[in-house]
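Data first, discussion second: the structure below is written as structure tokens.
The values are calculated or read from the model by the stated rules, or taken from the named source; none is laboratory data. All figures in this text were calculated on a predicted structure; none of them were measured in a lab. For neighbour counting, all protein chains shown are included, and Cβ atoms are generated from backbone atoms with ideal geometry for every residue, glycine included. Side chains included, ligands, DNA and RNA excluded: accessible areas come from the protein's heavy atoms. Shrake-Rupley method; radii C 1.70, N 1.55, O 1.52, S 1.80 Å.
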Amino acid sequence: MTSNQDPTPPTDPTPPAGPDKPPPTQIPQVDASDPDSASLQYSQFRTGLSAKRTDMSTERTGMSRERTDMSKERTDMSKERTAMSTERTDMSTARTDMSKRRTGMSFQRTRMSADRTLMSVIRTSLSLISFGFTIVQAFEKLAINKLLHDSHATRNFGVSLVCLGIIMLAIGILYHLRFMQGLRHTREEMTENGLIHGESVFPTSFTLVTAIILLGIGVVAVLSIVLNIGPFG
């Protein structure tokens with residue numbers, strides 16, 4: 001005999017999501033003969049999915065905030081690096097400018113060293129010229145006063161000393177001129193290329209002018225001694 005009672009509805013394998021349970025991941029199997037129970041189970045399933053989506057959105061929002069904070073930190077670090085790079089560039093520019101000025105001052109020091117070298121040549125040649133001239137004049141006076149019978153050898157020795165001083169002075173002047181010419185050319189070339197600061201004055205050597213005048217005096221002294229003419233004859 002067939003029973004008129006409704007069959008027992010199948011048990012839902014997916015229990016509804018609770019506050020401490022994870023939301024369902026599969027669509028629940030419901031009894032089609034009980035619409036109210038099926039609607040409740042579907043509502044619970046949708047609620048669980050919505051809660052899961054809300055949690056994921058919250059996590060994404062938190063991750064977005066973290067990324068934003070990291071981006072701000074990177075931006076701040078980039079600004080600091082840019083400021084440091086600008087400062088390093090300014091310091092490098094200042095160091096380059098100081099190096100140019102030091103190099104320009106080195107040219108001045110080299111010029112003064114060349115002047116000191118020429119002054120040493122002047123002192124040595126002047127000693128030779130004055131000593132030779134003194135010997136010639138002294139022995140000539142002795143010969144005039146008949147205190148010395150033959151002053152020819154001493155006179156030649158004195159003239160030789162004067163000539164040696166003149167030759168030494170002439171060579172020193174020529175060497176100084178060639179050296180200063182090369183130094184000026186190098187300085188002008190480096191100034192045009194922007195390697196040094198060439199605003200400082202690079203005047204003609206006063207020592208050179210003195211050496212040229214002394215050379216002329218020495219030549220006149222030799223002519224006076226040899227030819228017995230002129231102011232020193």
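Which one, ILE167, MET119, MET105, is farthest towards the positive end of the dipole of the range 83-177 when Lys and Arg carry +1 and Asp and Glu -1 on their Cβ?
Final value for the positive-end residue is MET105.
Over the heavy atoms of ARG116, what accessible area does a 1.4 Å probe trace out, to the nearest 10 Å²?
Roll a 1.4 Å probe over it and ARG116 shows about 130 Å².
From the alpha carbon gyration tensor of the range 80-156, can you work out the equivalent ellipsoid semi-axes (sqrt of 5 times each eigenvalue) and give them in Å, largest to smallest? Walk me through the intermediate numbers first.
On the way: eigenvalues 915, 8, 5 Å².
Equivalent ellipsoid semi-axes, largest first: 68, 6, 5 Å.
Kindly state, to the nearest 0.05, the FRET efficiency for PHE131 paired with GLN181, given R0 = 41 Å and r defined as their beta-carbon distance.
Values: r = 32 Å, r/R0 = 0.79.
The pair PHE131/GLN181 has a calculated efficiency of 0.80.
Between GLU188 and SER113, take the C-beta separation as r, use R0 = 25 Å, and let me know the FRET efficiency to the nearest 0.05.
On the way: r = 19 Å, r/R0 = 0.77.
The computed FRET efficiency comes out at 0.85.
Can you tell me the length gained on complete extension of the stretch ALA51 to THR103, counting 0.36 nm per residue apart and subtracting the Cα distance? List each step's numbers first, then the result.
Working: separation 52, 0.36 × 52 = 18.72 nm, distance 7.66 nm.
This chain segment gains 11.1 nm when fully extended.
Please give the per residue volume of the convex hull enclosing the alpha carbon atoms of the range 154-233, rounded to a whole number of Å³.
Numbers: hull volume 6.9 nm³, N = 80.
In the range 154-233, the Cα hull volume divided by residue count equals 86 Å³.
In nm, give the distance between the simple-model label positions of HIS152 and ILE229, each being 7 Å from the Cα along the Cα-to-Cβ direction.
Placing both labels 7 Å along Cα→Cβ, they lie 2.4 nm apart.
Is the shape of the range 105-213 best called rounded, prolate or oblate, per the rule: a/c under 1.5 gives rounded, else a/b larger than b/c gives prolate, else oblate, with a ≥ b ≥ c the square roots of the Cα gyration tensor eigenvalues? Numbers along the way, then the final one.
Working: a/c = 5.67, a/b = 4.32, b/c = 1.31.
Prolate, since a/c reaches 1.5 and a/b exceeds b/c.
Just need the relative contact order of the range 142-233 here, percent rounded to a whole number, with Cα pairs under 8 Å and 6+ apart. Write out the running numbers ahead of the final one.
Working: 38 pairs, mean separation 25.7, N = 92.
For the range 142-233, the relative contact order is 28 percent.
By how many nm would the segment from THR89 to GLU66 grow when fully extended, if each residue of separation counts as 0.36 nm and the alpha-carbon distance is taken off? Mind dumping the intermediate values first?
Details: separation 23, 0.36 × 23 = 8.28 nm, distance 3.40 nm.
So the chain would gain 4.9 nm between THR89 and GLU66.
Considering all alpha-carbon pairs of the range 29-163, what whole percent are spaced by more than 27 angstrom?
Numbers: 6511 of 9045 pairs.
In whole percent, the long-distance tail amounts to 72.
When the Karplus curve 6.51 cos²θ - 1.76 cosθ + 1.60 is applied with θ = phi - 60°, which whole-Hz ³J(HN,Hα) does each residue of the range 120-137 get, with x for Gly and Pro?
Calculated HN-Hα couplings, in order: 5, 4, 4, 4, 5, 5, 5, 5, 5, 5, 5, 5, x, 5, 5, 4, 4, 5 Hz.
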